[in-house]
1. Can you find even one residue in segment 188-197 that is closer than 24 Å to PHE87 by Cβ, surrounded by fewer than 19 Cβ atoms within 10 Å (Cβ to Cβ) and touching a residue at least 24 places away in the same chain (Cβ under 8 Å)?
2. Tell me which residues, restricted to segment 133-147, are under 14 Å from the mean Cα position of the chain (by Cα) and open to solvent by less than 50 Å² (accessible area, probe 1.4 Å).
3. Quick check on my filter: what residues within segment 190-218 are farther than 17 Å from ALA55 by Cβ and either at pLDDT 95 or above or aromatic (Phe, Trp, Tyr) (or both)?
4. Need pairs with beta-carbon distance below 7 Å; first residue within 16 Å of THR153 (Cβ to Cβ) and within segment 84-106, second polar (S, T, N, Q); sequence gap 6+ or separate chains.
5. Taking into account only those residues within segment 154-187 that are open to solvent by 80 Å² or more (accessible area, probe 1.4 Å) and over 30 Å from ILE122 (Cβ atoms), which is nearest to the chain's Cα centre (by Cα)?
6. Could you list, in sequence order, the residues of segment 192-207 that are touching a Ser or Thr at 6+ places or on another chain (Cβ under 7 Å) and within 21 Å of LYS146 (Cβ to Cβ)?
7. How many residues does segment 76-107 contain that are of a type in the set (Ser, Thr, Tyr), open to solvent by 30 Å² or more (accessible area, probe 1.4 Å) and modelled with pLDDT of 95 or more?
Amino acid sequence: MKKVLILVTTVLSVCVTALGQENYQSGTASQTSETPSVKKCNDWNNVYVQWNPSALVPEKGDSKSFTGFSIGFESCSSFAPKKASPFYGEFGAGFQYSFDSTNGADFSMYAGKLNIGVGYAIAIPNTSLALMPHAGIGYSWIFSAKTKIDGKTIDHFDKDDMGGEDYKWENMPIWWYAGLKANISNKVVIGATYGMDFTKITKGVRIRTISVSVGYCF
């Protein structure tokens, strides 16, 4: 997971630098340090696709990794748009499909998710780029989580399949996240977040997620 985070950070840094410089050189950058993106970048909507490398993290023992992909919608609004405040609020909704196939076991999970958070837009002078650190909380509704192995399907929400009431999964986890987004020309948003469940999905286990997003603003 650490290697994934380092790779994501490196790729995002290269993309943000290249795109911001390209827009500046092509004449789309702001003409003054009081860039218009300060007024615009924190008042927009976007649709996104997202990669979600995740892991089941027990209190003791090794974590179990799995992969996910999401599609969704996000809306960001300035707390004081008339004053071009850099502080903004965000709300998002999405659908996530997660999966893993190891040692003859095929895992799949489907979930809807909502998030609400706050952030701060930092306009970079002489570019059309704004960096936006942000953090918030989220809520998921996992409506299916199953593992198929040796011709048998295990339902993670079934106490009999999971070996008791304590080990069946909870289907409504609450989680926190923090990360960094980059708004490029008010057209494209790329970003990465790190998050962890507040609540345990089953006895002694939480889900940890890194999310890497690319979105189109409108």
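The values are calculated or read from the model by the stated rules, or taken from the named source; none is laboratory data. No experiment lies behind these values; they were computed from the predicted model shown. All Cβ positions, glycine included, derive from the backbone under ideal geometry; neighbour counts span all protein chains shown. Each accessible area value is taken on the protein alone, full model and side chains, heavy atoms only, with ligands, DNA and RNA left out. Shrake-Rupley method; radii C 1.70, N 1.55, O 1.52, S 1.80 Å.
1. The answer is yes; a qualifying residue exists.
2. HIS134, ALA135, GLY136, GLY138, SER140
3. ILE190, GLY191, SER213, VAL214, GLY215, TYR216, PHE218
4. Sorted first by the residue in segment 84-106, then by its partner, the pairs are PHE99/THR67; PHE99/SER108; ASP100/THR67; ALA105/THR147; ASP106/THR147.
5. The selected residue is MET172.
6. Selection gives ILE207 alone.
7. 2
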